[in-house]
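Peer 1: There's a structure below that I have some questions on.
Please treat every number below as a calculation from the coordinates, not as lab data. What you see is a predicted model; the values in this text were computed from it and never measured. No Cβ is skipped: glycine too gets one built from the backbone with ideal geometry, and neighbour counts run over all protein chains shown.
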Amino acid sequence: MNFKTYYTVVGLVVFLFSFPKNLNAQDYNTFGLRVGLNSANIFSIIPDETNVRRDIAISGFYKMHITEELIFFQPELGFSRKGSKMRLDDVDYNLNLNYLDLPLLLSIGKKNISFVEIGGYLSYLVNSNLSNANTLDVNTDDLIRLDYGLAVGLNANYENYSIGLRYYYGLRNIAEGTMENLLGEKSRNSTFQIYFTFTFF
């Protein structure tokens, strides 16, 4: 484990979520829970829809306003299951990647209408496994722990509820060694997500 990376991520999370609630007018700041369904894949050049793996994502978020009722900063912290399906020599494989996700987003819109989300994300690979790995000469320890990329989304909201779509586009190669031989050069995460949120205040 790279402890420098770990402490950097943890420190950033603590800083983001330790803002006092009265930093701005509290009427416009909200804290909530987000639950989603991932359609995840790993690609070398362009996303390939034939290898999509579907799994869950869950996170907490804090939305604080930058300008009154229009532009918000929204940091999130959660757990997300990603990866990819593969078929080699008539054998099916599932690569399961479990990440701690930290999206950092600008959320632009109006309450009880809709919001556009744009920003980036940091992810830390907690653990991984590959089904039928004994049939391949690979080692999942060759997956790179830290990932980052871009995030864009759109949601419709009413009162304390919203439903939305989001896409995460990885910018970092996530594999080296034997895993790079399996996945290809410059393998990156690609995740499309549909989600539901509930805000507590």
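Peer 1: Does anything in the stretch 104-119 have its amide N under 13 Å from the 7 Å Cα→Cβ label point of Leu171, and if so which residues?
Peer 2: Flagged as within label range: 104, 119.
Peer 1: Same structure again: Between Lys111 and Ser44, what is the FRET efficiency for a Förster distance of 41 Å, r being their Cβ-Cβ separation, to the nearest 0.05?
Peer 2: 0.50
Peer 1: Related question: Could you sort 85-93, 172-180 so that the peptide with the highest average Cβ count within 10 Å comes first and the rest follow in order? All intermediate terms of the calculation are to be shown ahead of the outcome.
Peer 2: Working: 85-93: 12.1, 172-180: 17.9.
Averaged packing, sorted descending, gives the order 172-180, 85-93.
Peer 1: Please work out the Cα center distance from the stretch 143-166 to the stretch 97-138, rounded to the nearest Å.
Peer 2: Value for the Cα centre distance between the two parts: 8 Å.
Peer 1: If you don't mind, there's one more thing I want to ask. Non-local amide H neighbours of Ile66 (under 5 Å, H modeled in plane, Pro and chain starts lacking H): which ones?
Peer 2: Under 5 Å from the amide H of Ile66 lie the amide H atoms of Ile71, Phe72, Phe73, each far enough along the sequence or on another chain.
Peer 1: With θ taken as phi - 60° and the coefficients 6.51, -1.76 and 1.60, list the Karplus ³J(HN,Hα) couplings across the stretch 185-190 in order, rounded to whole Hz; mark glycine and proline as x.
Peer 2: Per residue, the Karplus-derived 3J(HN,Hα) values read 5, 6, 6, 9, 7, 9 Hz.
Peer 1: Treating only the Cβ of Lys, Arg, Asp and Glu as charged (+1, +1, -1, -1), what charge dipole size does the stretch 156-201 show about its Cα centre? Round to the nearest 20 debye.
Peer 2: Numbers: 4 positive and 4 negative charges, 17 e Å.
It works out to roughly 80 debye.
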